[in-house]
Every structure is written in C-alpha cells, then in structure tokens.
Amino acid sequence: SLTVFLSTLTPKFYFALTVTSSFISGLIFVFEWWHFRKYGTSFIEQVSVSHLRPLIGGVENSGNISALNSVSTFFSECKVWRNPLNLFRGAEYSRYTWVTGKEPLTYYDMNLSAQDHQNFFTCDTDALRPSDTVMQKAWRERNPQARIKAAYQALELNNDCATAYVLLAEEEATTIVDAEKYFKQALKAGEMIYRKSQNCHSQSPQHEAQLRRDTNVLVYVKRRLAMCARKLGRIREAVKMMRDLMKEFPLLSMLNIHENLLEALLELQAYADVQAVLAKYDDISLPKSAAICYTAALLKARAVSERFSPETASKRGLSTAEINAVEAIHRAVEFNPHVPKYLLEMKSLVLPPEHILKRGDSEAVAYAFFHLQHWKRIEGALNLLHCTWEGTFRMIPYPLEKGHLFYPYPSCTETADRELLPTFHEVSVYPQKELPFFIHFTAGLCSFSAMLALLTHQFPELMVIFAKAVSIGSHFYFTNVSHVFVF
C-alpha cells in the first residue's frame, strides 16, 4: 500500500509533505528544548515513564516503594532555611515590582514565610486576647491588603500589639525609615509583653508557650532593627545590636544571626573581628553555609591576592599562604559551586528569596547579592577566585556519588531552587545535565526533514524518483524477509 501511495506522488505534493514534516518535527524540538530548560527533564521521556510504562506493565508495588523513598530522600536533603538577610517586602521587594513589573517572590517562597510567621508569632493562648486572635487570622491571609487591614484592626483592639507593628513594618512601610519606626513601636510593646510572660511562664504549659512566642517576637524585632540600622548606614550601631542579641539569646543560634554580623563586620572592614566570629561558627560540628565558607576563603585570599599572579605562581610554585587560600576557595566551591559565577559576574543577580536551599542556587544568589561588594573591595580577590575555582571540579569528578570535604552534592537542588527563585531567573544547575536523547532525536529528525524539503525544492523530479526507488527496495526486502520466516 505504501508503494502504491508513493507511486502516485507528484513533486509538489512530495514537497508539501516534507515541509510539513519538517515544520512539525521543528515544533516538537523547540517544545522539548523549552521544557528541558524550564523543568530540567525531557517531556517525551517524562510522558513515557509516567503514562506508557504502567500500560506496558511495570511493577506497581516496587514503583510505589521507590517513589516513597525518593520523596523521603528529597525532603531530607532539600530542607529550606529562612534567609538570614531577607529583604523587606514593602520597602524592597514591592519597590522592585513597582519599577520592573516583575514579581521577585514565588508563591512557594511566600507560603513558607506564612508558615514561619504562624509558628513564630502565634500560640495556643491567642484566643484569650482579641488582638492576637485577629493577628492569628492575619498571618493566614494571602492578600497583602487584607493582612494590613487586619493589623490595623488588631491595633484598634490593643495599641500594644507587637505583631501588628511587625506586619506593618514588613509589608506596609515603603521605606526602611518607615519600617524602622514601626519596629521601634513593636520593640516597645514586645519588651513589655515579654517581661509579663517571664513573670508567669512557670504557671502552666500554656504560659510557657506564650513565653516562647513572646521571645520569638522580641528576637525578630531586635534583629530587624539591627538590619534597618545596617541598611541606613549606622553599621557600628547594627553590629552592637547583633552582638547584644546573640549574648542575650545564645540558644537561638539556629536563626543564624552570626551571618548578619559577618556581613556588617565585612562592611566595616573589621577583618580581625570577622576571623573571631568564624573561629566560633566555622566548626566541624556546626552546619555550614555559603556565608561561612566563602567568608573564610575571602580572608585567606586577602592575605595573598594583592600580589598574586598566575604567571609568577606557575614559574615559582605556590607559597604556603597561597596554597591555603586556594584550598579555602576549593572548599567553598565544593560546598556551593554556584557562587563563583555570580561573584565573577558571569550570571546576572536577582533579588534574593526569603528562603534558601543550602548548597543550592538560591543560597548562591542570596550570598552574592550582599557579599559581592566585599570581594570587590579586596584587591585581587576576584582575580584569585577566577584563576582557581574551576580546579575544584577536578578533585570531585563525580559530585553526586562522592564528595571531598563535604557530603556528596544533593541531587534535588535544581527542583527546589526552581520553586524558590522567580521564573525570569535562569537557575544554575550543578552538575550540568547532558541533553536528553529525545532532544537529539527531534533535532536530527527536524534537520533530516528540512534537508529533504530543500532537496525536493531544488530537484523535485529526482527526489520523487528516489522516494519511489526507496519504497520499491524496502518492499522487496521485507517480502524476502517474510518468506524466510515462513520457510
């Protein structure tokens, strides 16, 4: 039947057929490429695995077990953390939206923040106070205007509602100065409530929960006031506030206030104080971060970067101090391999999200956004980073299987970072994925169809004869093969 069909082909019809097939295969290739760049997987492969494999007859139980294992592994490796230096929604994120028309925060990121606010700023005894009951509902609201309206309602019920001032400082204030004013009001109300909670926290479990909530509010407000002072140029005041906060609440180290302190000390160029903070927190028993690892590398690089020259180092070899600096850079790059491209301005920065994934692109964006200026300030530091950072990958050729100084690189960072970072940002992927087979296949099919269309346009009669010859030859081949099997 195929032979009869091809025997009736005219050059114009054959040309139209080849052009149509080339156009369709080109569309498939473009869609495959777009899907891979956006989601990191092949659409055809994903459909095949998700829908065709069960029809063919996969093992259902083992699939469910493996799926559960993969989900548990994902959540254990991909825990997100509150960004210690997260920006203010009203004074910074919203201003960016007004200027560019782009949303810097994803729904997933804002939903995580809403959960944080409910955990930090609410407790079981809120029902006993009308203002706290209103605020409990406010933190669950998705609409920013509804949250702001609820905060004002809470202040009408109780003018000393600290969490209402916190919400207004974060979301209604359009400048850092306005945010600081709200936070100062929140501090005054928060300290008064905290003292009352301290006096009666031992009376019942409910009072203990209320004390924890009031402690969270007080720490949050003091930290944000320190960040306001840092943004307004009162850096020494900010450093003092951070140090006092860490002394007053030493058990709240999981809030990573030391990362705020590191950044402020780097701005002061107080490198001896930075080293003292690192000596306490860059410990093998404590969790690492890009801020810890790259700040340690920056201090080591500072000692040698001004006089470092790749040509001179290749001739005489590296000195002990240079070796230490290079090793510190390799250590930092192994922990988070995405950071150097932002520090070297090989990738454009966006506003950092409110949550980050350690060792992921979101953490790299957050670190570089605040610390790029500190690397630029030290002469030769970026040049040393540029000359040495790629050497890290020669030490860990299979980062997903085995690490050098840290655990193997988690395989789930790309998926989590795509949820945390805005869609207009090109997520950095490590290690780089090879293009899926179906992208190569569709590209080849598109190229082959286009070549046939071009040849048909140039030599219409010859290509029709060629198509008929191919069909007759294939018909003869399959006929002989079928006779052999029958015999």
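The values are calculated or read from the model by the stated rules, or taken from the named source; none is laboratory data. Predicted model only: the values in this text are computed from it and were never measured. Quick reminder, even Gly has a Cβ in these numbers, built from the backbone with ideal geometry, and neighbours come from all protein chains shown. Just the protein is used for accessible areas: all its heavy atoms, side chains included, with ligands, DNA and RNA removed. Shrake-Rupley method; radii C 1.70, N 1.55, O 1.52, S 1.80 Å.
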Study note, to complete from the structure: Within segment 342-360, the residues that are modelled with pLDDT under 95 and part of a helix (DSSP H, G or I) are none
**Study point:** Those residues of segment 268-317 which are in a helix (DSSP H, G or I) and among the polar types (S, T, N, Q), in sequence order
**Key:** Q275, T295, S305, T312, S314
Exercise for review: Return the pairs, sorted by first residue and then second, in which the second residue is among the basic types (K, R) and modelled with pLDDT of 85 or more, the first residue lies in segment 391-419 and is within 12 Å of F335 (Cα to Cα), the beta carbons are less than 6 Å apart, and the residues are 6+ apart or on different chains.
Suggested key: L405/R331
Point to revise | Residue list for segment 322-333, restricted to those being closer than 16 Å to A368 by Cα and more than 17 Å from the chain's Cα centre (by Cα) | key: I329, A332
Check your understanding: How many residues does segment 189-207 hold that are assigned to a helix (DSSP H, G or I), open to solvent by 30 Å² or more (accessible area, probe 1.4 Å) and free of Cβ contacts under 8 Å to residues at least 24 places away in the same chain?
Key -> 6
Review point. Does segment 413-423 contain at least one residue that is surrounded by fewer than 18 Cβ atoms within 10 Å (Cβ to Cβ), at pLDDT 75 or above and in a loop (DSSP other than H, G, I, E, B)?
Key: yes
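Okay, residues lined up against (1) over 18 Å from L225 (Cβ atoms); (2) surrounded by 14 or more Cβ atoms within 10 Å (Cβ to Cβ):
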{"position": "M242", "(1), (2)": "no, yes"}
{"position": "L251", "(1), (2)": "yes, no"}
{"position": "N260", "(1), (2)": "no, yes"}
{"position": "A264", "(1), (2)": "no, yes"}
{"position": "I284", "(1), (2)": "yes, no"}
{"position": "I292", "(1), (2)": "yes, yes"}
{"position": "T320", "(1), (2)": "yes, no"}
Point to revise | Unique residue being without any contact (Cβ under 8 Å) to a residue 40 or more places away in the chain and farther than 23 Å from R243 by Cβ when the list is K300, K280 | key: K300
Review point. List, please: which pairs have Cβ atoms under 8 Å, are six or more places apart or on different chains, and start with a residue in segment 171-185 that is of a type in the set (S, T, Y) and end with one that is outside any helix (DSSP H, G or I)?
Key: Y182/A173
Exercise for review: Just one of (1) surrounded by fewer than 17 Cβ atoms within 10 Å (Cβ to Cβ); (2) without any contact (Cβ under 8 Å) to a residue 40 or more places away in the chain; (3) within 23 Å of R82 (Cα to Cα) trips up L372, so point out which.
Suggested key: (1)
Point to revise | Residues being surrounded by 15 or more Cβ atoms within 10 Å (Cβ to Cβ) and assigned to a loop (DSSP other than H, G, I, E, B) - total across segment 382-404 | key: 3
Revision key, fill the gap. Of (1) under 17 Å from A91 (Cα atoms); (2) open to solvent by 20 Å² or more (accessible area, probe 1.4 Å); (3) in contact (Cβ under 8 Å) with a residue 40 or more places away in the chain; (4) part of a helix (DSSP H, G or I), Q210 fails just (1)
Review point. Based on what the data block shows, is N324 in contact with a Lys or Arg (Cβ under 7 Å, 6 or more places away or on another chain) and open to solvent by 30 Å² or more (accessible area, probe 1.4 Å)?
Key: yes
Exercise for review: Return yes or no: is E363 within 24 Å of L420 (Cβ to Cβ), in contact with a strand residue (DSSP E or B) (Cβ under 6 Å, 6 or more places away or on another chain) and of a type in the set (D, E)?
Suggested key: yes
Study note, to complete from the structure: Conditions (1) open to solvent by 10 Å² or more (accessible area, probe 1.4 Å); (2) in a helix (DSSP H, G or I); (3) under 24 Å from I356 (Cα atoms) -> S113 fails only (1)
Exercise for review: Report yes if some residue within segment 162-185 is over 30 Å from the mean Cα position of the chain (by Cα), under 19 Å from T122 (Cβ atoms) and open to solvent by 60 Å² or more (accessible area, probe 1.4 Å); otherwise report no.
Suggested key: no
Review point. In segment 344-364, what count of residues is obtained for those that are surrounded by fewer than 24 Cβ atoms within 10 Å (Cβ to Cβ) and more than 20 Å from L255 (Cβ to Cβ)?
Key: 8
Exercise for review: Among residues belonging to segment 116-143 that are assigned to a helix (DSSP H, G or I) and either closer than 20 Å to R82 by Cα or among the basic types (K, R) (or both), point out the one that is least open to solvent (accessible area, probe 1.4 Å).
Suggested key: F121
